[in-house]
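Asker: I have a structure I would like to understand better, so I am pasting it below and will then ask my questions one at a time.
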Amino acid sequence: MRTDRLTLLRTVAPTVEPVGLAEFREHSRIDPADTSSIMDAYLTAAREHCEQVTRRSFVTQTWRLRLDEFPKGDAGILLPRPRLLSVTSIIYTDGAGVDQTLSAASYSPSLDDEPAMIYPAPTILDWPATRTQRNAVAVTYVAGYGPAAADVPRPIRQAILLLASHWYENREPVLIGTINGTLPFTVDALLSPYICREVW
């Protein structure tokens, strides 16, 4: 059975954006009386784009990683979209087809690694056996820099602000009669130090 197949799903989205509307209006010189919901849409889209580029979670959010089986022996489970803040649960389907929840004492997350890893506890020789099926293991975890916009590093927030403002000012997919500017380079330069390695 393949052990390299995994699926990743965000189950709880962040409750705030790294860049707020007030900052967006000031940067883009938008009338404070303008309450158009399109500004929220651009901020969310820019944040999701920057998260995709960096392969990170910015404001606290919850993810569920599914695997066909545990790694062999005491090898670790690699968790995409750092930073890892906490592991909510590890649930697996045992050989009898019954879902089991691993005790938190039986595994040890390495919070400082990026991406983070979860290993069996030192007293555990290896992971439990699972039923031969797809998605036999589900790891639910919380990731991000923290719950507040200010927890996100300023360069990342600046990249989101520049990108959202650019999209707000240029709402068509193609600009006629213009030449390439420096925005893509600026956004890439701001995000580059935060890009996390690909995990699959």
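The values are calculated or read from the model by the stated rules, or taken from the named source; none is laboratory data. Bear in mind that the values here come from a model prediction, so they are computed numbers and not experimental data. Glycine gets a Cβ as well: all are built from the backbone with ideal geometry, and neighbour counts include every protein chain shown.
Asker: Somewhere in segment 69-79, is a residue within 27 Å of VAL19 (Cα to Cα), under 25 Å from the mean Cα position of the chain (by Cα) and surrounded by fewer than 19 Cβ atoms within 10 Å (Cβ to Cβ)?
Answerer: No: segment 69-79 contains no residue that is within 27 Å of VAL19 (Cα to Cα), under 25 Å from the mean Cα position of the chain (by Cα) and surrounded by fewer than 19 Cβ atoms within 10 Å (Cβ to Cβ).
Asker: Can you find even one residue in segment 85-104 that is within 17 Å of the chain's Cα centre (by Cα), farther than 20 Å from TYR168 by Cβ and of a type in the set (Ser, Thr, Tyr)?
Answerer: Within segment 85-104, one or more residues are within 17 Å of the chain's Cα centre (by Cα), farther than 20 Å from TYR168 by Cβ and of a type in the set (Ser, Thr, Tyr).
Asker: Find the residue count for segment 120-172, including only residues that are outside any helix (DSSP H, G or I) and either touching a helix residue (DSSP H, G or I) at 6+ places or on another chain (Cβ under 6 Å) or at negative phi (or both).
Answerer: The total comes to 31.
Asker: Report, by residue number, each residue of segment 107-134 that is within 24 Å of ARG5 (Cβ to Cβ), surrounded by 14 or more Cβ atoms within 10 Å (Cβ to Cβ) and among the polar types (S, T, N, Q).
Answerer: If the condition is that a residue be within 24 Å of ARG5 (Cβ to Cβ), surrounded by 14 or more Cβ atoms within 10 Å (Cβ to Cβ) and among the polar types (S, T, N, Q), then SER110, THR130 are the ones that fit.
Asker: Take ILE90 and decide whether it is modelled with pLDDT of 95 or more and touching a Gly at 6+ places or on another chain (Cβ under 7 Å).
Answerer: No: the conditions fail for ILE90.
Asker: Another question, if that's okay. Just to check your reading of the model, which residue among GLU48, GLU69 is under 16 Å from THR15 (Cα atoms) and either touching a residue at least 24 places away in the same chain (Cβ under 8 Å) or not in a loop (DSSP other than H, G, I, E, B) (or both)?
Answerer: GLU48
Asker: With the condition kept exactly as written, say whether any residue in segment 81-92 is surrounded by fewer than 18 Cβ atoms within 10 Å (Cβ to Cβ), among the hydrophobic types (A, V, I, L, M, F, W, C) and in contact (Cβ under 8 Å) with a residue 24 or more places away in the chain.
Answerer: Yes, there is a match, as at least one residue in segment 81-92 is surrounded by fewer than 18 Cβ atoms within 10 Å (Cβ to Cβ), among the hydrophobic types (A, V, I, L, M, F, W, C) and in contact (Cβ under 8 Å) with a residue 24 or more places away in the chain.
Asker: State all residues of segment 150-200 that are over 18 Å from GLU48 (Cβ atoms), among the β-branched types (Val, Ile, Thr) and at pLDDT 85 or above; if no residue qualifies, say none.
Answerer: Selection gives THR186 alone.
Asker: Answer yes if at least one residue in segment 8-18 is within 30 Å of PRO122 (Cβ to Cβ), in contact with a strand residue (DSSP E or B) (Cβ under 7 Å, 6 or more places away or on another chain) and free of Cβ contacts under 8 Å to residues at least 60 places away in the same chain, and no otherwise.
Answerer: Within segment 8-18 (the criterion being within 30 Å of PRO122 (Cβ to Cβ), in contact with a strand residue (DSSP E or B) (Cβ under 7 Å, 6 or more places away or on another chain) and free of Cβ contacts under 8 Å to residues at least 60 places away in the same chain), the answer is no, since none of the residues qualifies.
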